[in-house]
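This report concerns only the one structure given below.
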Amino acid sequence: MNVNKSNFENLLVWQKALQLSTKIILIAKNFSPSDEYSIGTQIKRSAISVASNIAEGSERSSKKEFAYFLSIASGSLAELKTQIYIMVNINLITTAHGEDLLKDVTEIQKMLNGLKKSVSEKLKAKPTVYHLQSTN
């Protein structure tokens with residue numbers, strides 16, 4: 001798919017979150033109907049929410065809104081991390097598979113934290129004030 005890219009599509013953190021959500025969806029395809037109902041739906045929502053909130057926030061009109069949606073993405077990522085631990089604990093995935101997914105989560109967390117910090121710093125930056133000089 002190579003159409004004109006929006007700003008969020010150029011963000012590496014969004015690309016990584018999209019890859020992770022795709023992995024999670026493919027894993028959930030193999031769940032039994034009861035596991036799909038109990039954890040499958042929730043883990044897919046969490047994974048999809050990360051990339052979706054990064055995208056939505058980046059397309060908003062202000063840095064403040066972007067920071068807000070990045071915060072929501074971070075919360076969804078924490079949910080996802082918890083659900084990965086649960087999947088390992090109930091033997092839906094192997095420990096090794098869980099560790100691989102958690103490495104992806106950690107990488108995305110670091111990138112998301114860096115982006116949040118950058119956006120926050122831009123919010124805190126004081127605007128330049130220009131003073132007009134009198135020509136008297």
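The values are calculated or read from the model by the stated rules, or taken from the named source; none is laboratory data. Please read these numbers as outputs of a predicted model, since none were measured by experiment. When we count neighbours, we look across all protein chains shown, and the Cβ atoms used for this are built from the backbone with ideal geometry, even at glycine.
In region 62-80, the residue that is surrounded by the most Cβ atoms within 10 Å (Cβ to Cβ) out of those that are over 11 Å from the mean Cα position of the chain (by Cα) and of a type in the set (F, W, Y) is F66. Every condition in (1) outside any helix (DSSP H, G or I); (2) over 20 Å from N10 (Cβ atoms) is met by R60 except one, and the failing one is (2).
Scanning region 116-131 for any residue that is assigned to a helix (DSSP H, G or I), closer than 14 Å to V50 by Cα, at pLDDT below 95 and within 20 Å of the chain's Cα centre (by Cα) turns up at least one such residue. Any residue in region 30-52 that is more than 21 Å from T94 (Cα to Cα), surrounded by 20 or more Cβ atoms within 10 Å (Cβ to Cβ) and not polar (S, T, N, Q)? Yes, there is a match, as at least one residue in region 30-52 is more than 21 Å from T94 (Cα to Cα), surrounded by 20 or more Cβ atoms within 10 Å (Cβ to Cβ) and not polar (S, T, N, Q). Only one entry in V88, V105 is out of contact with any Pro (no Cβ under 7 Å at 6 or more places or on another chain), β-branched (V, I, T) and within 30 Å of L123 (Cβ to Cβ), namely V105. Can E59 be described as touching a residue at least 40 places away in the same chain (Cβ under 8 Å), surrounded by fewer than 21 Cβ atoms within 10 Å (Cβ to Cβ) and touching a Ser or Thr at 6+ places or on another chain (Cβ under 7 Å)? The answer is yes for E59.
Flag: D104 matches the condition of being modelled with pLDDT of 95 or more, within 13 Å of A17 (Cβ to Cβ), of a type outside the set (A, V, I, L, M) and in a helix (DSSP H, G or I). In this entry, S21 passes the filter for residues that are modelled with pLDDT of 95 or more and either in contact with a Pro (Cβ under 8 Å, 6 or more places away or on another chain) or at negative phi (or both).
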